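Nothing in this text is a laboratory measurement; each read-out follows from the coordinates by a stated rule. This is a predicted model, so every value here is computed, not measured. FYI the Cβ positions are ideal-geometry reconstructions off the backbone, even for glycines, and counts take in every protein chain you see.
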Amino acid sequence: TQELGVSTNANYKITFMLDSAAMITVHTPRRGLIDVKPLGVIWGKFSEYYSKKNTIMFDDIGRNFLMNPQNGLKIRPFMKAHLNRDKDKELLKLTQYLKEIAKLDDFLELNHKHWER
């Protein structure tokens, strides 16, 4: 977020972000203790606006949405910004996908795994 200026650029229309400070630790049989981003916190605090049906989280680390896999969309990491800024098209493609799914009332049946198609 810092490299992209998300929190300082007025052109971004972000409702809120969950960064690493909001993560909780859970135990999984396969991976042991891991930190995840709890979308349930958002749904609990803002239930009149957000739910499993209309929330999507993108992250380059898939385990961050282990608690809510249907609401997670894995993107490629944005690395070496000074070298790749002009070549990185991930957010442009993501914009197209979000515009398409914004027309839907319910995201639960979507398979975000193939979002680029």
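All alpha carbon pair distances within the stretch 2-102 were sorted into 5 Å bins beginning at 0; the resulting P(r) in whole percents reads 2, 10, 18, 22, 22, 14, 8, 3, 0.
Computed over the stretch 2-102, relative contact order equals 16 percent, with contacts defined as Cα pairs under 8 Å that lie 6+ residues apart. State the answer as a single residue: which of Tyr50, Ser7, His112 lies farthest towards the positive end of the charge dipole of the chain, with beta carbon charges of +1 for Lys and Arg and -1 for Asp and Glu, about the Cα centre. Sorting the options by dipole projection puts first His112.
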